[in-house]
Amino acid sequence: MSTKQSELSVITKAKNLSSYIFTITRKSPKQFRFTLVARLQNYSLDIIEHIYRANDTYVRPGDIKKADMRRDSQAEAMTYCRLLTHVAQLSMVQVP
């Protein structure tokens, strides 16, 4: 019997967020396309990247180096989440 391996819910939610950002920014004004929109899209992809990096770092008991690598990737993902939040809030103010 074959079992289907499912993704972590955080990965699924990050992918859904990224897809949503790309959808809503598709027809954004040209003046924001290469600044705010690019940042929103790039940050959403960076979040996914760092979640994958953290998830793919296998930590054996007592392996401090790998644990630090995983923790660093998780911290990077959280930093990009905060940056994404800031740019999203800023873009709401900029829309006429």
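Return only the number of the condition from (1) open to solvent by 40 Å² or more (accessible area, probe 1.4 Å); (2) touching a helix residue (DSSP H, G or I) at 6+ places or on another chain (Cβ under 8 Å); (3) not hydrophobic (A, V, I, L, M, F, W, C) that residue 44 does not satisfy. For residue 44, the failing item is (1). Going residue by residue through segment 29-50, is there one that turns out to be touching a Leu at 6+ places or on another chain (Cβ under 9 Å), of a type in the set (Ser, Thr, Tyr) and either on the phi < 0 side of the Ramachandran plot or at pLDDT 95 or above (or both)? So far as segment 29-50 goes, yes, one or more of its residues are touching a Leu at 6+ places or on another chain (Cβ under 9 Å), of a type in the set (Ser, Thr, Tyr) and either on the phi < 0 side of the Ramachandran plot or at pLDDT 95 or above (or both). For first residues located in segment 7-28 and of a type in the set (Gly, Ala, Ser), partners that are open to solvent by less than 70 Å² (accessible area, probe 1.4 Å) and lie 6+ apart or on another chain with Cβ distances below 7 Å form the pairs 14/47; 14/48; 14/51; 18/44; 18/48; 28/37. Please verify whether residue 7 is open to solvent by 80 Å² or more (accessible area, probe 1.4 Å) and either β-branched (Val, Ile, Thr) or farther than 19 Å from residue 90 by Cβ (or both), treating the condition exactly as stated. Yes. Does segment 57-84 hold any residues that are open to solvent by 80 Å² or more (accessible area, probe 1.4 Å) and aromatic (Phe, Trp, Tyr), and which are they? Hit for segment 57-84 is 58, nothing else.
The values are calculated or read from the model by the stated rules, or taken from the named source; none is laboratory data. For clarity, every value in this text was computed on a predicted model and none was experimentally measured. Heads up, the Cβs are rebuilt from the backbone with ideal geometry, glycines too, and the neighbour counts pull from every protein chain shown. The area values use the complete protein model at the heavy-atom level, side chains included, leaving out ligands, DNA and RNA. Shrake-Rupley method; radii C 1.70, N 1.55, O 1.52, S 1.80 Å.
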